[in-house]
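S.K.: Starting off with a structure, shown below.
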Amino acid sequence: MSKSDLRKKAEIAPNTMTKLRRDEEVSLTILSKICKTLNADFGDIVEYVPDAEIWDLYDENRELLGKDHVRGEQLPIDGYHLVVHVWIRTSCTDRCEFLHQSVIGLRHLALIYR
């Protein structure tokens, strides 16, 4: 069945089909119409993909590997990602105070200081 045939049989507006092609939000009513037309369940036409934080991977020389990494998954043996450390210092009158913001994520800490 073509997309056009599906749209007509399910009685879906053309702009709604455009939303589907662009991965934009559509109502459950639209998904229900598609399921009914295709004699399918929601799980047959929809996949839940949670938002993920994607990192670039680098080699030990800080060269991009051209690979992405999903935060929370184990890093490959040859993969690194960059970490940022920020030190914020208050104005020093009687004493200086620092606020240390740290984002840790390197498998090997050797890249932090060079």
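S.K.: How far apart, in nm, are the 7 Å Cα→Cβ label points at Asp78 and Leu31?
M.R.: 4.0 nm
S.K.: Now for a different question. Can you give me the distance in nm between label points at Val70 and Asn15, each placed 7 Å from the Cα along the Cα-to-Cβ direction?
M.R.: Distance between label points: 3.4 nm.
S.K.: Leaving out same-chain residues fewer than 8 places away, which lysines sit with a Cα under 21 Å from that of Lys19?
M.R.: Straight-line reach from Lys19, under 21 Å: Lys3, Lys8, Lys9, Lys33, Lys36.
The numbers here are math on the coordinates, done by the rules we state, and not lab data. No experiment lies behind these values; they were computed from the predicted model shown. Positions of Cβ are backbone-derived with ideal geometry, glycine not excepted, and every protein chain shown enters the neighbour counts.
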